[in-house]
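What follows is a single structure, written as structure tokens, with notes after it.
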Amino acid sequence: MPIALVVEDESHIRGFVRAALEAEGWTVFEADTVQRGTVEAATRQPDLLVLDLGLPDGDGCEVIRSVRSWSSVPLIVLSARSDESEKIRALDAGASDYLTKPFGVGELMARVRASQRNHRRAGDVPAAAETVVRVGDVEIDRAARLVRKGGEAVHLTPREWGLLSVLLANAGRVLTHRQLLLSVWGPAAAGQSHYTRIYMGNLRRKLETNPAQPDFLLTENAVGYRLVLDR
């Protein structure tokens with residue numbers, strides 16, 4: 001089933017959108033902040049993103065710009081902001097469509113269908129092979145959520161997959177322990193830096209040829225970690 005991510009801080013609207021999408025066969029995930037929305041988008045790799053602009057920890061355009069740095073997934077804004085300047089700002093940031101609150105389920109689903117048709121016509125839906133990233137003898141299939149090393153399947157726990165997904169979405173960029181903790185474990189774990197060390201160790205044992213001298217899952221001393229695709 002296709003995957004949708006709904007980023008909205010009002011629970012009743014999230015529920016309304018979720019019900020509408022699930023009725024049309026979508027698997028739906030939710031987030032209620034810029035931070036969680038950005039992380040969930042990178043981790044879930046959704047086929048559709050629906051989001052509000054007014055989020056508690058920042059502007060939804062931050063999510064749009066982050067997602068557009070690595071994906072052309074259809075992205076529909078739901079917002080109470082009806083000013084033309086707000087619509088232009090969101091669309092310029094990379095939104096596919098803009099729907100002003102309040103809205104009806106019929107109009108929402110019509111816009112979802114239109115966004116999917118436009119996406120397919122533009123030829124932007126990636127082929128399965130294009131969702132596969134290879135680093136040495138490791139193959140990461142983001143669409144299927146599968147990892148292979150030397151052609152053999154590697155089992156990752158949900159936390160390990162989440163950590164790998166966030167690092168991959170930010171390949172080449174140093175992510176601090178705090179950023180990774182917030183992204184994968186959430187705010188309650190913000191001070192638990194041993195979590196990242198333990199799970200990075202697990203990933204290295206499963207994916208690196210020599211975990212003690214990693215080739216692509218690198219440590220930035222006293223800062224965090226970085227995934228590199230080329231050395």
Exercise for the section: Rounded to the nearest Å, what's the spacing between the alpha carbon centres of the stretch 44-64 and the stretch 1-36? Just the number, please. Expected result: 11
Completion exercise
Put K206, K101 in order of accessible area, largest first, probe 1.4 Å, and you get K206, K101
Problem - Dipole magnitude of the stretch 51-109 about its Cα centre (Cβ charges: Lys, Arg +1; Asp, Glu -1), debye to nearest 20 - result: 120
Exercise for the section: Would you mind checking the tilt of helix 11-23 against the longest principal axis of the Cα atoms of the chain, expressed as 0 to 90 degrees and rounded to 10? Expected result: 90
Practice task
Can you check what the Kirkwood hydrodynamic radius comes to for the stretch 28-95, Cα pairs only, in Å to one decimal?
Solution key: 11.9
Completion exercise
In this structure, the FRET efficiency calculated for L229 and H12 from their beta-carbon separation, with R0 = 30 Å, to the nearest 0.05, is 0.10
Problem - Student exercise, the chain dipole from Lys, Arg, Asp, Glu Cβ charges, in Debye to nearest 20 - result: 600
Exercise for the section: Mind pulling the angle between the C-alpha long axis of helix 193-207 and the longest principal axis of the chain? Nearest 10 degrees, somewhere in 0 to 90. Expected result: 70
Handout entry: Percent carbon-and-sulfur accessible area, the stretch 8-88, ignoring ligands, DNA and RNA, probe 1.4 Å
Key = 44
Problem - D57 - accessible surface, heavy atoms, 1.4 Å probe, Å² rounded to 10 - result: 80
Handout entry: Calculated FRET value between R65 and A188, using beta carbons and R₀ = 25 Å, to 0.05
Key = 0.40
Handout entry: Burial ranking of peptide ranges 87-100, 43-56 (average Cβ count within 10 Å, highest at the top)
Key = 43-56, 87-100
Handout entry: Paramagnetic reach from T209 in the stretch 130-156 [backbone N under 13 Å; point 7 Å along Cα→Cβ]
Key = 135-138, 150
Problem - the chain, relative contact order in percent, only Cα pairs under 8 angstrom and at least six apart counted - result: 13
Exercise for the section: Quick one: angle between helix 105-121 and the longest Cα principal axis of the chain, in degrees between 0 and 90, rounded to 10, please. Expected result: 50
Practice task
Hey, could you get me the Stokes-Einstein D for the stretch 66-115, Kirkwood radius over alpha-carbon pairs, 4 °C and 1.567 mPa s, rounded to whole µm² s⁻¹?
Solution key: 113
Problem - Approximate spin-label separation D83-A23, in nm, with each point projected 7 Å along Cα-to-Cβ - result: 3.4
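The values are calculated or read from the model by the stated rules, or taken from the named source; none is laboratory data. What you see is a predicted model, and the numbers here were worked out from it, not measured in a lab. Glycine also receives a Cβ, built like all others from the backbone with ideal geometry; neighbour counts cover every protein chain displayed. The protein model used for the area step is the full one, side chains on, heavy atoms only, and it has no ligands, DNA or RNA in it. Shrake-Rupley method; radii C 1.70, N 1.55, O 1.52, S 1.80 Å.
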